[in-house]
1. Please identify the pairs in which a residue from the range 10-23 that is over 14 Å from ARG55 (Cβ atoms) has its Cβ atom under 8 Å from the Cβ atom of a residue that is in a helix (DSSP H, G or I) and among the β-branched types (Val, Ile, Thr), counting only partners at least 6 apart or on another chain.
2. If I ask for residues that are surrounded by 15 or more Cβ atoms within 10 Å (Cβ to Cβ) and of a type in the set (A, V, I, L, M, F, W, C), which ones from the range 12-61 would you list?
3. Across the range 18-70, what is the total count of residues that are hydroxyl-bearing (Ser, Thr, Tyr) and out of contact with any helix residue (DSSP H, G or I) (no Cβ under 8 Å at 6 or more places or on another chain)?
Amino acid sequence: MDGSPNLDRNELRERMRAEFERLLEKVANAVDDAPRGRWIRDSEEPVRDALDHFRAVTYETALQLKVDAAEAAFPPSGQRDNPATLPS
């Protein structure tokens with residue numbers, strides 16, 4: 001690890017819970033809506049699209065939480081220890 005703060009896994013879990021429920025609903029609908037004898041053929045693409053969307057949203061959310069954690073680790077610019085670097 002490079003010393004940067006970890007993202008809050010509980011926060012990630014909470015933010016993604018509703019998205020995960022939507023994913024499960026889309027998967028179930030895709031499989032249920034496929035006609036008999038075509039379950040795989042007619043559900044595979046909608047399920048893949050739903051999973052791809054979930055993957056992208058999860059990754060974006062995790063990255064944002066990492067950025068938030070990193071920003072929280074730094075004090076506001078007016079509170080830095082070295083006043084000589086601040087413009088006058």
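1. ARG15/THR61
2. LEU12, MET16, LEU23, VAL27, ALA30, VAL31, ALA34, VAL47, ALA50, PHE54, VAL57 - these are the residues of the range 12-61 that are surrounded by 15 or more Cβ atoms within 10 Å (Cβ to Cβ) and of a type in the set (A, V, I, L, M, F, W, C).
3. Residues in the range 18-70 being hydroxyl-bearing (Ser, Thr, Tyr) and out of contact with any helix residue (DSSP H, G or I) (no Cβ under 8 Å at 6 or more places or on another chain): 1 in total.
No value in this document is a laboratory result; all are computed from the given coordinates. Because the structure is a prediction, the values reported are computed rather than measured. Using ideal geometry, Cβ is built from the backbone for each residue, glycine included, and neighbour counts are taken over all protein chains shown.
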